[in-house]
1. Mind checking which residues of the stretch 208-227 are touching a helix residue (DSSP H, G or I) at 6+ places or on another chain (Cβ under 7 Å), outside any loop (DSSP other than H, G, I, E, B) and crowded, with 19+ Cβ neighbours inside 10 Å?
2. Looking at the stretch 125-141, which of the residues that are under 15 Å from the mean Cα position of the chain (by Cα) and assigned to a loop (DSSP other than H, G, I, E, B) is surrounded by the most Cβ atoms within 10 Å (Cβ to Cβ)?
3. Is it true that some residue in the stretch 206-218 is in contact with a Gly (Cβ under 9 Å, 6 or more places away or on another chain) and not basic (Lys, Arg)?
4. Could you say whether any residue in the stretch 243-263 is in contact with a Ser or Thr (Cβ under 9 Å, 6 or more places away or on another chain), not in a helix (DSSP H, G or I) and not hydrophobic (A, V, I, L, M, F, W, C)?
5. Among the residues that make up the stretch 39-54, is at least one of them under 30 Å from ARG270 (Cα atoms) and not in a strand (DSSP E or B)?
6. For the stretch 233-264, which residues satisfy the criterion of being of a type in the set (D, E, K, R) and under 30 Å from THR162 (Cα atoms)?
7. Working carefully through the options GLN102, GLN112, GLN49, find the one that is in contact (Cβ under 8 Å) with a residue 40 or more places away in the chain, in contact with a strand residue (DSSP E or B) (Cβ under 9 Å, 6 or more places away or on another chain) and surrounded by 15 or more Cβ atoms within 10 Å (Cβ to Cβ).
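The values are calculated or read from the model by the stated rules, or taken from the named source; none is laboratory data. This is a predicted model, so every value here is computed, not measured. A quick note on method: Cβ atoms are made from the backbone with ideal geometry, for glycine too, and the neighbour counts reach across all protein chains shown.
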Amino acid sequence: MSDSSPGEAPAQGEIPVREVLVDIADRVATVTLNRPAALNALNYAIKGQLLATFLDLARDRSVRAVVLTGVGRAFSAGQDLRERLEPGAPPLDEELTLRYNQIIRAIREAPQPVIAAVNGVAAGAGASLAFVCDLRIASESASFVLAFGRIGLVPDSGATWTLPRLVGAARAAELALLGDAVSASDALTMGLVSRVVPQEMLAAEAATMAARIAALAPGATTMTKHLLERAFDHDLDAALAAEAEAQGIAGRDPDHSEGLAAFMGKRAPRFSPD
Ligand code: LHQ
């Protein structure tokens, strides 16, 4: 367990033996990338721990929201490029299939909404990680860099799928092909993030957002996440049908009765108490 917050070093006295720190409190999991000396570049250890963490969290129904962030001045600089130069480094298609793609799917398929609290630069697959989250908030010092082209690669880890959905085809093409850094304020303008806050406010902002989500009815929240994911793949008829099916399930959930009772009683609802 760690008390570290976005952009802050682990608590004094704590030995940062893990590349991914996980703190669970009040139904919220905070997952923190912890290789600050390498700008949280993604090596085998961090990728393995990140996948294991999200698979574990998916099974933990007491966790209702997840915050993903980084220690230090970066969210993540993407693939650890030094690791790519090691003898025996696997081919990139294998690396993606065995590691990155599984992490991306685990975040996407997680029952909990995942909030990226982008505390600094997010480059390459580090940007892709942020893009696949359900919500993105950024500190004023955050930036996004589609750095793939600079090293002769294509955007990966879902970025060719997520980015056009987030910012539209024209901006996605410019970001992917030119690879210019996008500042936090430009990211806000183009809808790549939904909020920008001063660095010192990022942890509190993410925690408040996560706590609000954690207080909602979990079944409906999970279904809302997954309905929104399908928004750009469905036609209207399919979306209406999917909403009706999900609403049928939500309507039979005791949390709906609790919500109605709370409204009528002019009190706050107590959804799915543990
Ligand atoms: C790093 C890295 C890094 C190792 C900074 N690795 N050490 C690729 C292949 C395989 C499969 C799947 O997918 C992918 C997708 C990708 O992610 S491709 C894109 C990989 N990432 C990049 O190309 C970004 C490389 N980094 C940068 O361009 C810069 O470092 C950024 C713009 C992130 C930050 O710039 P600065 O603020 O000027 O920091 P810096 O460059 O001085 O870096 C600080 C340290 O972090 C430095 O180490 P050192 O020992 O010299 O202090 C860097 O070497 C290290 N670092 N990124 N990806």
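1. Within the stretch 208-227, ILE213, GLY219, ALA220, THR221, MET223 qualify.
2. Among those that are under 15 Å from the mean Cα position of the chain (by Cα) and assigned to a loop (DSSP other than H, G, I, E, B), it is CYS133.
3. Initially, the stretch 206-218 is screened for residues in contact with a Gly (Cβ under 9 Å, 6 or more places away or on another chain), giving 217.
Filter again for not basic (Lys, Arg), leaving 217.
For the stretch 206-218, residues in contact with a Gly (Cβ under 9 Å, 6 or more places away or on another chain) and not basic (Lys, Arg): present.
4. yes
5. Taking the stretch 39-54 as the starting set, the residues that turn out to be under 30 Å from ARG270 (Cα atoms) are 53-54.
Next cut, not in a strand (DSSP E or B) only: 53-54.
Yes, because at least one residue in the stretch 39-54 is under 30 Å from ARG270 (Cα atoms) and not in a strand (DSSP E or B).
6. Step one: filter the stretch 233-264 for residues of a type in the set (D, E, K, R), giving 233, 235, 237, 243, 245, 252-253, 255, 258.
Scanning the stretch 233-264 gives ASP233, ASP235, ASP237, GLU243, GLU245.
7. On the way: GLN102 fails: in contact with a strand residue (DSSP E or B) (Cβ under 9 Å, 6 or more places away or on another chain); GLN49 fails: in contact (Cβ under 8 Å) with a residue 40 or more places away in the chain.
Exactly one of GLN102, GLN112, GLN49 is in contact (Cβ under 8 Å) with a residue 40 or more places away in the chain, in contact with a strand residue (DSSP E or B) (Cβ under 9 Å, 6 or more places away or on another chain) and surrounded by 15 or more Cβ atoms within 10 Å (Cβ to Cβ), namely GLN112.
Every residue, every condition in (1) within 19 Å of ALA206 (Cα to Cα); (2) away from the ligand (no atom under 16 Å from the Cβ); (3) at pLDDT below 95, yes or no:
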position	(1), (2), (3)
THR30	yes, yes, no
LEU33	yes, no, no
ALA38	no, no, no
TYR44	no, no, no
GLN49	no, yes, no
LEU55	no, yes, no
ALA65	yes, yes, no
VAL71	yes, no, no
